[in-house]
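Below you'll find the structure, written out as structure tokens, and then a few comments.
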Amino acid sequence: MLLSELVRSPIRAGENYRGICLGVGISLKNYSIKYLLCATQADGKPDFAVKFSAISSIQNGIRLSALRPVQPNACVKIFFDLPVYTHDGIYLGVIADGELQGYSLTRFITDRKIEFSPADIACARDALLLRKKQAFPLGQRIPAPLLSLFKSRDNIVTKSVLKQAAQQGELIKLTLSLPPFQK
């Protein structure tokens, strides 16, 4: 499913028109969509949000099982036409679409056909700023199934964790369980 199927879609609760979806709020922990950011007027700014779990169907617009506006918290607000920049200021275009797999966003696509993962997002406000690409997965969280293999206090990938993985013959398994290779 594409993000464009949600964004700019009319929102209905029962048979009543309630507004239009202008963007989404995503969690940076698991990259899942938590909120729909909505406005009562199509050309307005978002003035209410609803939980993504309140969606009952997406055919012919978004139908909500119940309209319970909430205050979005602990999320990054993503809107179409949000400019995207690299960590060193190179303009990559504006967000044109995104790909959803279940509740999670797997990638974004800019109007210049450049793709990036939600894991690459460093911060978002008026623009989206992407992290610097690392040659090694240093600083990323060790996936839960692999935690028992490595002696690490912080549960993050460090040089010593990479060294342990190489010694134990688990380096490929560790690497493929981290972004951008994870399933």
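When Tyr35, Tyr91, Tyr85 are screened for being surrounded by 13 or more Cβ atoms within 10 Å (Cβ to Cβ), closer than 18 Å to Pro118 by Cα and in contact with a Pro (Cβ under 8 Å, 6 or more places away or on another chain), only Tyr35 passes.
Against the condition of a type outside the set (Asp, Glu), closer than 20 Å to Gln71 by Cβ, touching a strand residue (DSSP E or B) at 6+ places or on another chain (Cβ under 6 Å) and crowded, with 17+ Cβ neighbours inside 10 Å, how does Leu3 come out, does it pass?
Details: of a type outside the set (Asp, Glu): yes; closer than 20 Å to Gln71 by Cβ: no; touching a strand residue (DSSP E or B) at 6+ places or on another chain (Cβ under 6 Å): yes; crowded, with 17+ Cβ neighbours inside 10 Å: yes.
Spelling it out, it is not the case that Leu3 is of a type outside the set (Asp, Glu), closer than 20 Å to Gln71 by Cβ, touching a strand residue (DSSP E or B) at 6+ places or on another chain (Cβ under 6 Å) and crowded, with 17+ Cβ neighbours inside 10 Å.
With respect to (1) assigned to a loop (DSSP other than H, G, I, E, B); (2) buried (at least 17 other Cβ atoms within 10 Å of the Cβ); (3) among the hydrophobic types (A, V, I, L, M, F, W, C), the lone exception for Ile11 is condition (1).
Considering (1) modelled with pLDDT under 85; (2) surrounded by 12 or more Cβ atoms within 10 Å (Cβ to Cβ), the lone condition that Ala166 does not fulfil carries the number (1).
Residue-wise test of (1) under 16 Å from Arg125 (Cβ atoms); (2) out of contact with any Gly (no Cβ under 9 Å at 6 or more places or on another chain); (3) surrounded by 17 or more Cβ atoms within 10 Å (Cβ to Cβ).
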{"position": "Phe48", "(1), (2), (3)": "no, no, yes"}
{"position": "Lys51", "(1), (2), (3)": "no, yes, yes"}
{"position": "Gln59", "(1), (2), (3)": "no, yes, no"}
{"position": "Pro69", "(1), (2), (3)": "no, yes, no"}
{"position": "Leu100", "(1), (2), (3)": "no, yes, yes"}
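Restricting to segment 14-32, what's the tally of residues that are closer than 30 Å to Leu178 by Cβ and either in contact with a Leu (Cβ under 9 Å, 6 or more places away or on another chain) or surrounded by 17 or more Cβ atoms within 10 Å (Cβ to Cβ) (or both)? Matching residues across segment 14-32 total 7. When the residues of segment 169-183 are narrowed to those that are in contact with a helix residue (DSSP H, G or I) (Cβ under 9 Å, 6 or more places away or on another chain) and part of a helix (DSSP H, G or I), which ends up surrounded by the most Cβ atoms within 10 Å (Cβ to Cβ)? Restricting to residues being in contact with a helix residue (DSSP H, G or I) (Cβ under 9 Å, 6 or more places away or on another chain) and part of a helix (DSSP H, G or I), the top hit is Leu174.
For segment 141-159, residues that are within 15 Å of Leu171 (Cβ to Cβ) and not in a loop (DSSP other than H, G, I, E, B) total 3.
The values are calculated or read from the model by the stated rules, or taken from the named source; none is laboratory data. Quick caveat, the model's predicted, so the values are computed rather than measured. All Cβ positions, glycine included, derive from the backbone under ideal geometry; neighbour counts span all protein chains shown.
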